[in-house]
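Chemist: Let me give you the structure first, and then I'll get to my questions.
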There are 2 protein chains.
Amino acid sequence: MPQNIDVLVSEVGPRDGLQSIKRTMPTKAKLDWIQALAAAGLQEIEVGSFVSPRLLPQMADCDELVKESNKIKNLTVLALVPNLKGAERAIAAGARKLTMPPSASRTHGLNNIGKTPEEAIDEVKRVCALRDTLPVKQRPEVEVGISTAFGCTLEGPVSEDWVIEMAGLLAKAGADSIGLSDTSGYANPNQIKRMFRRLRNEIGPEKMAGAHLHNTRGQGLANVVAALEEEVTTFDSSLGGLGGCPYAPGATGNIVTEDLVFMLEAMGLRTGIDIEALIAAREVLLHGLPEEMIYGSLPEVGLPKGFTYAKARGPM
Amino acid sequence: MPQNIDVLVSEVGPRDGLQSIKRTMPTKAKLDWIQALAAAGLQEIEVGSFVSPRLLPQMADCDELVKESNKIKNLTVLALVPNLKGAERAIAAGARKLTMPPSASRTHGLNNIGKTPEEAIDEVKRVCALRDTLPVKQRPEVEVGISTAFGCTLEGPVSEDWVIEMAGLLAKAGADSIGLSDTSGYANPNQIKRMFRRLRNEIGPEKMAGAHLHNTRGQGLANVVAALEEEVTTFDSSLGGLGGCPYAPGATGNIVTEDLVFMLEAMGLRTGIDIEALIAAREVLLHGLPEEMIYGSLPEVGLPKGFTYAKARGPM
């Protein structure tokens, strides 16, 4: 966590947002958008996924995105890698942080990355072994977000005991940090509290990564409040909530970065992000994807009269 | 609080929702909607406002709505009264519970009900004096919701000390219970916690009414989670978030009843409300107000696979 912020907002729009829509955003437009996001103060951006271009042609330019984004100051460039092959490509492109999405649900795992949970854990182990062959200074951080940790659209409820056991196995496999993902928008605030408390007890606070929440049922920010109670300090979100289900107008995908940052700053938690600049970045996004449906409440009505950003707390 | 629920969801759509839109819903259609809401399990509904029909012609049928809604079993019928004259009409119509909206912001109070905060407190005193002239069994409950308690679109920040002082003065004036209203959609979760904690300390838990929250900036359910931490157990909401600002698509007015009930039940808090019946009530609402814009995430995507309602807790 950089010293000048209290909460890290990790922008996933260029990956999770873009992979959820059919159109492909041109590489130049992606880079303009990533630039605008970084200029607004975002310190971590997931720029793409090293998945097979046959499966997700929208992500075929991930190598170039990593290389170019690495030139931006004060930015951690994150890339999703589904497997060892993706990790090899990511490392070759110079990615400094990888994120892997093993699923706690067997059915979802087989559908999403073609792997059972056990096979996905083995894959994390292989990626960590690859990392460890590199000179220490060149090793990328390997973060894991357990998918469907709060329930699965295919299986329904997912065993909470199994999710926590899986987190322990992933830590043993060598993952640097492990978070929980509400892939399906099923989580509720009490479940969030219970699961992050258990996660912290299982793997220790230093290995606990953040919460990846979806706003599918409107519960996104409510779940953030619950996670904050359990000392979660990293949240994934997407500018404009990009990636909402096309069959459910209003039911957005990821939580909306603009609304999240507004809430955190209003609560007195520093994000380092300028909300006006964030709202301006929506135009850059729409320039690259004209007429795409994007979401967000704050951008529609603006900041409250007399709004002030969070201030540094405690002794200077 | 009825014994079979943990949280009381108080539906304000027929009052707050309808007064925020220009069209007038026919009385018969309002009654059909109120019936559908009660049939879904809502135990308290604010059916209208005894404001001058010249100011809000949409509310001119409040007398009839109170009389007819009083016939519905297991339903507390609530009516808004801005002043003594409104209270006289409400009592004549047989209202058993009145709610008054004095504003903590001087500018908002003068604009909204033509009264300074001090004058509004005096008006509550007059209404309570009227109540006390009635035989004990006929006295309506007088609830007060302090408007602009978390900030004002006209004045900006509102003094938190003054809001709490005002709550104390309203309790002295004879109000049976006092809650806080985020009229402008300015509240954040930390402010909600701080203010309800102070309110409880000031007037005591037995006089503490609920939270009236707006979702203008997408913070509605996040604020509910915060209020639950401070033992708030009554929440106002509106079916379909009816009453959203017409100039801000997506920026709804009241929090959406459907999303609220889903969250509470998922958290294990019983509301007594059937979510499928609530979603069906949207059709009844739209039948009375064809093509009106309504909101809500849950209704777009449905309940999670394997969803179960909250169960009674503790020893039977």
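Chemist: Going through the range B:40-56 one residue at a time, which ones are surrounded by fewer than 20 Cβ atoms within 10 Å (Cβ to Cβ) and within 15 Å of residue B:82 (Cβ to Cβ)?
Modeler: B:52, B:53, B:54, B:55, B:56
Chemist: All but one of (1) away from chain A (no Cβ under 14 Å); (2) at pLDDT below 95 hold for residue B:233; state the number of the condition that does not hold.
Modeler: Here residue B:233 meets the rest and fails (2).
Yes/no per residue for (1) buried (at least 21 other Cβ atoms within 10 Å of the Cβ); (2) small (Gly, Ala, Ser); (3) in contact with a strand residue (DSSP E or B) (Cβ under 6 Å, 6 or more places away or on another chain):
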site	(1), (2), (3)
B:133	no, no, no
B:136	no, no, no
B:142	yes, no, yes
B:145	yes, yes, yes
B:157	no, no, yes
B:161	no, no, no
B:168	no, yes, no
B:172	no, no, no
B:176	no, no, yes
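Chemist: Of the residues that make up the range B:276-296, is at least one modelled with pLDDT of 95 or more, at the interface with another protein chain (Cβ under 9 Å from one of its Cβ atoms) and in a loop (DSSP other than H, G, I, E, B)?
Modeler: No, every residue in the range B:276-296 fails to be modelled with pLDDT of 95 or more, at the interface with another protein chain (Cβ under 9 Å from one of its Cβ atoms) and in a loop (DSSP other than H, G, I, E, B).
Chemist: Return yes or no: is residue B:216 of a type in the set (Ser, Thr, Tyr) and at pLDDT below 95?
Modeler: Yes: the conditions hold for residue B:216.
Chemist: Is the range A:264-283 home to any residue that is closer than 21 Å to residue B:216 by Cβ, among the small types (Gly, Ala, Ser) and crowded, with 17+ Cβ neighbours inside 10 Å?
Modeler: yes
Chemist: What are the residue pairs meeting all of these: first residue in the range A:246-275, first residue modelled with pLDDT of 95 or more, second residue among the aromatic types (Phe, Trp, Tyr) and in a loop (DSSP other than H, G, I, E, B), Cβ atoms under 6 Å, and 6 or more apart or on different chains?
Modeler: Sorted first by the residue in the range A:246-275, then by its partner, the pairs are A:256/A:295; A:265/A:309.
Chemist: Might you let me know whether the range B:108-122 holds any residue that is at pLDDT 95 or above and of a type in the set (Lys, Arg)?
Modeler: no
Chemist: A further question on this structure: Being within 17 Å of residue A:227 (Cα to Cα) and either free of Cβ contacts under 8 Å to residues at least 12 places away in the same chain or more than 14 Å from chain B (Cβ to nearest Cβ) (or both): is that true of residue A:178 here?
Modeler: Yes: the conditions hold for residue A:178.
Chemist: Is there a residue being at the interface with chain B (Cβ under 10 Å from one of its Cβ atoms) and under 25 Å from residue B:187 (Cα atoms) anywhere in the range A:194-216?
Modeler: Within the range A:194-216, one or more residues are at the interface with chain B (Cβ under 10 Å from one of its Cβ atoms) and under 25 Å from residue B:187 (Cα atoms).
Chemist: Given (1) at pLDDT 95 or above; (2) of a type in the set (D, E, K, R); (3) buried (at least 17 other Cβ atoms within 10 Å of the Cβ), where does residue B:206 come up short, assuming only one miss?
Modeler: (3)
Chemist: While we're here: Scan the range B:1-39 for residues that are among the hydrophobic types (A, V, I, L, M, F, W, C), surrounded by 23 or more Cβ atoms within 10 Å (Cβ to Cβ) and within 19 Å of residue B:71 (Cα to Cα) and jot them down.
Modeler: B:12, B:33, B:34, B:37
Chemist: Give the range A:113-126 a look and list any residue that's of a type in the set (A, V, I, L, M) and either out of contact with any strand residue (DSSP E or B) (no Cβ under 6 Å at 6 or more places or on another chain) or within 14 Å of another protein chain (Cβ to nearest Cβ) (or both), or say none.
Modeler: Scanning the range A:113-126 gives A:113, A:120, A:121.
Chemist: Against the condition among the β-branched types (Val, Ile, Thr), under 30 Å from residue A:308 (Cβ atoms) and not in a strand (DSSP E or B), how does residue B:146 come out, does it pass?
Modeler: Judged against the criteria, residue B:146 is not a match.
Chemist: Regarding residue B:66, is this residue surrounded by fewer than 19 Cβ atoms within 10 Å (Cβ to Cβ) and at pLDDT 95 or above?
Modeler: Taking the combined requirement at face value, the residue does not satisfy it.
Chemist: Right, something else. Among (1) out of contact with any Phe, Trp or Tyr (no Cβ under 7 Å at 6 or more places or on another chain); (2) at negative phi, there is one condition residue A:41 misses while meeting the rest; what is its number?
Modeler: With (1) out of contact with any Phe, Trp or Tyr (no Cβ under 7 Å at 6 or more places or on another chain); (2) at negative phi applied to residue A:41, the lone miss is (2).
Chemist: Only one residue in A:125, A:193 is among the basic types (Lys, Arg), surrounded by 20 or more Cβ atoms within 10 Å (Cβ to Cβ) and in contact (Cβ under 8 Å) with a residue 12 or more places away in the chain. Which one?
Modeler: Just a single option satisfies the conditions, and that option is A:193.
The values are calculated or read from the model by the stated rules, or taken from the named source; none is laboratory data. From a predicted model like this one, the values you see are computed outputs, not experimental measurements. So basically every Cβ, Gly included, is an ideal-geometry build from the backbone, and we count neighbours across all protein chains shown.
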